[in-house]
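In what follows, a structure is listed as structure tokens, so that the remarks can point back to it.
The values are calculated or read from the model by the stated rules, or taken from the named source; none is laboratory data. What you see is a predicted model; the values in this text were computed from it and never measured. Here the Cβ positions follow ideal geometry from the backbone for every residue, glycine too, while neighbour counts run over all protein chains shown.
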Amino acid sequence: MNNKSGLSCVLFDLDGTLLNTAPDLTTALNKALTHFNFPEVSVNAITPYISYGAAVMIDTALEEEVSAAIKADILEWLLNYYENHIADATELYTGMPELLETLEDKGIPWGVVTNKRERMTQPLMQALDLTKRSACIICGDTTAHSKPHPEPMLTACRQIQVSPESCLYIGDAQHDISAGKAANMQTLAATWGYLKPDDKPQDWGADALIDHPDEILDWITNQTHAFN
């Protein structure tokens, strides 16, 4: 689908960009840690590592050497708990509901490209009534490769039937921007997301840094005349 603006679609990373999943993910992590008699961690300490998956969250949380088998048990327990509490506190970031409604009103499809697995992504999108609204949902195991490989991005474009060059991708991690650039998309780095202390989003090569979802509409308007 094309429009006179030259912008064909807007694609989002999920955790830390479209949705604030940190409350439910950190709760699941802490429930798992206490179940296996490890100390809990603070939300602030673990949030920067959410974009890298549950296994990395566990590695970050454990202050002592733990066997791979125990880590696997913690991971399984965490995922099972999270699956049953996937949207207890998760919600769209402030400004995102209005952005999605504006895109829909303008006939510009939007979709999700995430490294989160289908097992968690699909129920989460369904729980928040976003599945039918999104033009595509590409997960970490939808394609043979996940971000930073461009394959998920290109798969999204094929599903929506748009060219990558006319798409905008928004994400909060370097692998998001790398994937978008590799697919020849325009990219925005979401600095409200789950950035690590040593992250330098200004060096990722994004077309712009965006500090709040409200700024996305302004950027699109200035670049494409989509909303003029």
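For region 178-203, the set of residues classified as more than 22 Å from Ile46 (Cα to Cα) and either aliphatic (A, V, I, L, M) or touching a residue at least 24 places away in the same chain (Cβ under 8 Å) (or both) consists of Ser178, Ala179, Gly180, Lys181, Ala182, Ala183, Met185, Gln186, Leu188, listed by residue number. When region 178-205 is limited to residues that are touching a Leu at 6+ places or on another chain (Cβ under 6 Å) and not in a strand (DSSP E or B), the one that is surrounded by the most Cβ atoms within 10 Å (Cβ to Cβ) turns out to be Ala183. Counting just the residues of region 87-117 that are surrounded by fewer than 21 Cβ atoms within 10 Å (Cβ to Cβ) and small (Gly, Ala, Ser), which one comes out farthest from the chain's Cα centre (by Cα)? Taking the candidates together, the pick is Gly107. Would you confirm, using the coordinates I've provided, whether Tyr93 is modelled with pLDDT under 95, aromatic (Phe, Trp, Tyr) and closer than 27 Å to Lys181 by Cα? Considered against the rule, which asks whether it is modelled with pLDDT under 95, aromatic (Phe, Trp, Tyr) and closer than 27 Å to Lys181 by Cα, Tyr93 comes out as no.
Here is the figure for region 163-177: residues that are part of a helix (DSSP H, G or I) and either hydroxyl-bearing (Ser, Thr, Tyr) or without any contact (Cβ under 8 Å) to a residue 12 or more places away in the chain (or both) total 1. Residues in region 139-162: is at least one surrounded by fewer than 19 Cβ atoms within 10 Å (Cβ to Cβ), of a type in the set (Gly, Ala, Ser), more than 14 Å from the chain's Cα centre (by Cα) and not in a loop (DSSP other than H, G, I, E, B)? No, region 139-162 contains no residue that is surrounded by fewer than 19 Cβ atoms within 10 Å (Cβ to Cβ), of a type in the set (Gly, Ala, Ser), more than 14 Å from the chain's Cα centre (by Cα) and not in a loop (DSSP other than H, G, I, E, B). Scanning region 109-118 finds one or more residues that are within 16 Å of Leu18 (Cα to Cα), touching a Lys or Arg at 6+ places or on another chain (Cβ under 9 Å) and among the β-branched types (Val, Ile, Thr).
Of the helices (runs of 4 or more DSSP H) contained entirely in region 1-111, those carrying at least 3 residues that are assigned by TED's automatic domain parsing to the domain that holds Asp218 and closer than 30 Å to Ile220 by Cα fall at 96-105. Filtering region 112-124 to residues that are in contact (Cβ under 8 Å) with a residue 60 or more places away in the chain and either part of a helix (DSSP H, G or I) or at positive phi (or both) leaves Thr121, Leu124.
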